[in-house]
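Novice: Just passing along the structure, written as C-alpha cells.
The values are calculated or read from the model by the stated rules, or taken from the named source; none is laboratory data. None of these values were measured; they are calculated from a predicted model. As a convention, Cβ positions derive from the backbone with ideal geometry for all residues, glycine included, and neighbour counts pool all protein chains shown. The protein model used for the area step is the full one, side chains on, heavy atoms only, and it has no ligands, DNA or RNA in it. Shrake-Rupley method; radii C 1.70, N 1.55, O 1.52, S 1.80 Å.
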Amino acid sequence: MSMWDKNKVGCILLDKKLAQPFNKGAKRTHKPAWDELKCTKCGLCYLFCPDAAIKEKADGFFTSDADYCKGCGVCARECWFGAITMVEES
Amino acid sequence: MDRYAVFVPRLLPREECFLPDAPVSCKGCGEALAVRLVYKALGDGLIRKGSWKVPWKQSVPELKGQDPGERFSPSLLRLPKADKQVLSICFDNEACTGAEGTGKEFWKKNMPAVAVAEGVAYVATASPGYPFDLIEKVKRAYAAPGDAYIHILCPCPVGWAFDASMAVTIGRLAIDTCIFPLYEVAQDTCLMSVSVAKPRPVKDYIKFQGRFKNLTDTDMEELQKMVTIAYARLSSSTQQGEKKHG
Ligand code: SF4
Ligand code: SF4
C-alpha cells in the first residue's frame, strides 16, 4: 500500500490516523533468513527485535513478519549461534 | 533444548502489547525496543488504546540552564500509579546532547542524580542492552511505594550515526565501558545492577558512533579519565549505601 506519492509537500500528514496506512516493511532492503539447523530456539532474536516483528512458529522456531520487519539486522547480530543471515530482498 | 538458560518465550509473556502500527520509529530503534520491553513488563493492564496500544506520550520537558550542556529534552512516559504517584520513564536518546563527550561543558545533565536529590522513592537506570534487568526494574518501580523514575539510555542509529544492526550492542557497550552504569536507588540504598569488574576502554563505545568522530585522542583520554572517576565515585557511594542498609 503506497501512499507516499499522495503526500503533501514536506510529508505532512493531515489524516488523523497519521501514518497507519503505510506499510512498515515496504522500504526494507534486507530481510532475515533463519537456518533452522543452527537455531536453538533460544528466542533472543524475538526478544531484541525493536519492531516486534519476530513470531514464534508452531514448531518453536522463529520467523519474521514481513509487514513489520524493517530489516535492521539486530536479530542477525544478536543471535549467539549465527543462525540468522540477512538476505537481500527480492 | 532445556540446557540453555535463556529461553525467552518461557520467561516473558508472549502477548505483544506494543504494536508499532504507525511507523514512528526508524529501523533498529533502541527507543522502540525499550518501549516494547517496558510494556512486556507492565502488561496490558494499564493500557488505553492508542496507535501503539499504549499511552505513549512524547513530551519535551526542557530543563534549561545557562550552560548548553544543562539542556535536556528526552521523551517521557508517565504512568499514574495509586495515590497520585507517578512512574516516569525517561527514554533518553541523547538527541539534545549529540555533542556529549566533546568536553566537560557538554556533558549531559545527570537526571537520575537529580531525581535522587529530589527525593524520588525509586530511581533506576536501564538499557535495552540488558533486557531482563530493564524488565525487572520496571516491575519493581511500579510496585514500589511512592514516585519512581527510570532512566533508559536508548541507542539511536540515526542520531548517533551507527549501523542499525548495532543498536543492542551499543546499548550493552555503554554499560561495559562504564559510561552509563546501571544502578538502582531505593530506600536510600544504591545498588549496582551490573558491577563491571574489568571496564572496557571507552574507545570501544565511541568508535562505532559517527557523532563522536570529531574527538581527538586527547579528548578521548580526558573522557576516559572522567568516566573512570565518575564510575569510581558511584561505586564507592554504592558500598556506603550497602553498609547503611545492612
Ligand atoms: S537467537 Fe538465534 S538461536 Fe536463538 S531463537 Fe533466534 S535464531 Fe534461534
Ligand atoms: S531485521 Fe530487525 S525488524 Fe526485522 S526481524 Fe530482525 S530485528 Fe526485527
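Novice: Scan region A:50-61 and tell me whether some residue there is touching a Lys or Arg at 6+ places or on another chain (Cβ under 7 Å) and within 8 Å of ligand 1 (Cβ to nearest atom).
Specialist: Looking through region A:50-61, at least one residue is touching a Lys or Arg at 6+ places or on another chain (Cβ under 7 Å) and within 8 Å of ligand 1 (Cβ to nearest atom).
Novice: If you scan region A:38-56, which residues turn out to be part of a strand (DSSP E or B) and either within 10 Å of ligand 2 (Cβ to nearest atom) or at pLDDT 90 or above (or both)?
Specialist: A:ILE54, A:LYS55
Novice: Quickly run through region A:57-90 and pick out the residues that are open to solvent by less than 60 Å² (accessible area, probe 1.4 Å), within 10 Å of chain B (Cβ to nearest Cβ) and more than 13 Å from ligand 2 (Cβ to nearest atom).
Specialist: Answer for region A:57-90, where residues must be open to solvent by less than 60 Å² (accessible area, probe 1.4 Å), within 10 Å of chain B (Cβ to nearest Cβ) and more than 13 Å from ligand 2 (Cβ to nearest atom): just A:GLY60.
Novice: Take the residues of region A:34-44 that are near ligand 1 (Cβ under 10 Å from one of its atoms) and more than 9 Å from chain B (Cβ to nearest Cβ): which is farthest from the chain's Cα centre (by Cα)?
Specialist: Among those that are near ligand 1 (Cβ under 10 Å from one of its atoms) and more than 9 Å from chain B (Cβ to nearest Cβ), it is A:LYS38.
Residue by residue, here is whether (1) assigned to a helix (DSSP H, G or I); (2) out of contact with any strand residue (DSSP E or B) (no Cβ under 7 Å at 6 or more places or on another chain) holds:
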position: B:THR169; (1), (2): yes, yes
position: B:ILE175; (1), (2): yes, yes
position: B:CYS178; (1), (2): no, yes
position: B:CYS190; (1), (2): no, no
position: B:PRO199; (1), (2): no, yes
position: B:PHE208; (1), (2): no, yes
position: B:GLU222; (1), (2): yes, yes
position: B:ALA230; (1), (2): yes, yes
